[in-house]
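One structure is given below, encoded as structure tokens.
The values are calculated or read from the model by the stated rules, or taken from the named source; none is laboratory data. The structure presented is a predicted model; accordingly, all values stated were derived computationally and were not measured. Cβ placement follows ideal geometry from the backbone for every residue including glycine, while neighbour counts extend to all protein chains displayed. Each accessible area value is taken on the protein alone, full model and side chains, heavy atoms only, with ligands, DNA and RNA left out. Shrake-Rupley method; radii C 1.70, N 1.55, O 1.52, S 1.80 Å.
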Amino acid sequence: HPLLLLSPTLSPTPLPPSLPQANKSKKRMASPSSPIADPPHRVAIIGSGNWGSCAAKMIGENTERYRDTFELEVRMWVFEEQIDGRNLSDIINEEHENIKYLPGVKLPRHVRAVPDLLDTVREATILVFVLPHQFVRGICQKLKGKIRDGASAISLIKGMDVTPTGFHLISDLITKELNIPCGVLMGANIAGEIADGKFSEATIGSPEPVLADMFTKLFDTPYFKVTAVPEVGPVEMCGTL
């Protein structure tokens, strides 16, 4: 529809022909039509840095709280590295703490660090992407054909995919590469403060009411309040900017 200007009499007046018209062909990528998997959902977190470990803490608390909605165990993919001669994944699983990226914060005992990406996502119905934006495309290439039918994703990533053809939302990239719906969670938050229980807020963008409710249950806690809205792109752009 052409953009309209309202005159003082409130009658619509078309824009002058010299002004650019909205590009009607530019539409946000549609979500895949495959049915969403039934609960209880198995959660896989792709990323284990500062924000990823904080997310694992909240998600682990909520999989225990909502046992009818989620399976208890949460798998978190860890890019393996050595800390004083020990594997970081072993340290997390034995001490229930990411001593490098979120020291001093205990993770729920049912959060399991997994160094193998495909093992992390096996049979998962919710994929939580929380890693640097420049690695998302490569990770998605490795996950193609390995995702369970009916899975969905949510991105906690602030940033955009930049290619020679332009800029792309991370949620659109995930949807395009994996053929699954992808919502977003964005907020002006600091992971360490959230992990310490300091009150914070964030917004979830998801057009599907079922997914919005599921994502809200996954992240909302007494110290991290979540509000869901149906728009993905605007929420993601606000977080990115």
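Just a few scattered comments:
- Restricted to strands (runs of 3 or more DSSP E) entirely inside segment 181-229, those with at least 1 residues that are open to solvent by 10 Å² or more (accessible area, probe 1.4 Å) and farther than 20 Å from residue 43 by Cα are 200-205, 224-229.
- Taking the criterion of being among the small types (Gly, Ala, Ser), modelled with pLDDT of 95 or more and more than 16 Å from residue 125 (Cβ to Cβ), the residues of segment 172-215 that qualify are 187, 191, 192, 195, 197, 200, 202, 205.
- Residue within segment 167-174 that is acidic (Asp, Glu), closer than 24 Å to residue 228 by Cα and open to solvent by less than 90 Å² (accessible area, probe 1.4 Å) present: yes
- Applying a threshold of 9 Å to beta carbon distances and a minimum spacing of six or more residues, or different chains, the list of pairs starting in segment 113-130 at a residue that is more than 16 Å from residue 52 (Cα to Cα) and of a type in the set (S, T, N, Q) and ending at one that is outside any strand (DSSP E or B) and open to solvent by 40 Å² or more (accessible area, probe 1.4 Å) reads 125/36; 125/38; 125/39; 125/40; 125/148.
- Residue match in segment 113-127 (condition: over 19 Å from the mean Cα position of the chain (by Cα) and assigned to a loop (DSSP other than H, G, I, E, B)): yes
- Some residue of segment 145-160 being of a type outside the set (D, E, K, R) and assigned to a helix (DSSP H, G or I): no
- A Cβ distance below 6 Å, combined with a sequence gap of six or more or placement on separate chains, defines the contacts here; from segment 168-179, residues that are within 11 Å of residue 157 (Cα to Cα) reach residues that are open to solvent by 30 Å² or more (accessible area, probe 1.4 Å) in the pairs 170/133.
- Test for residue 107: is it open to solvent by less than 40 Å² (accessible area, probe 1.4 Å), closer than 21 Å to residue 219 by Cβ and either modelled with pLDDT under 95 or in a loop (DSSP other than H, G, I, E, B) (or both): yes
- Complete set of residues in segment 162-180 that are under 13 Å from residue 137 (Cα atoms), out of contact with any Asp or Glu (no Cβ under 8 Å at 6 or more places or on another chain), assigned to a strand (DSSP E or B) and not aliphatic (A, V, I, L, M): 163
- Residue in segment 11-29 that is farther than 17 Å from residue 101 by Cα, at pLDDT below 95 and touching a Gly at 6+ places or on another chain (Cβ under 9 Å) present: yes
- Among the residues examined, residue 64 does not qualify as touching a helix residue (DSSP H, G or I) at 6+ places or on another chain (Cβ under 8 Å), over 26 Å from residue 207 (Cβ atoms), open to solvent by 50 Å² or more (accessible area, probe 1.4 Å) and at pLDDT 95 or above.
- Among residues of segment 153-165 that are under 15 Å from residue 177 (Cα atoms) and touching a residue at least 24 places away in the same chain (Cβ under 8 Å), those with a Cβ under 8 angstrom from a residue that is open to solvent by 40 Å² or more (accessible area, probe 1.4 Å) and among the basic types (Lys, Arg), sequence gap 6+ or separate chain, pair up as 161/137.
- So residue 32, is it open to solvent by less than 90 Å² (accessible area, probe 1.4 Å) and at pLDDT below 85: yes
- Segment 134-149 - residue that is over 16 Å from residue 47 (Cα atoms) and not acidic (Asp, Glu) and, of those, surrounded by the most Cβ atoms within 10 Å (Cβ to Cβ): 147
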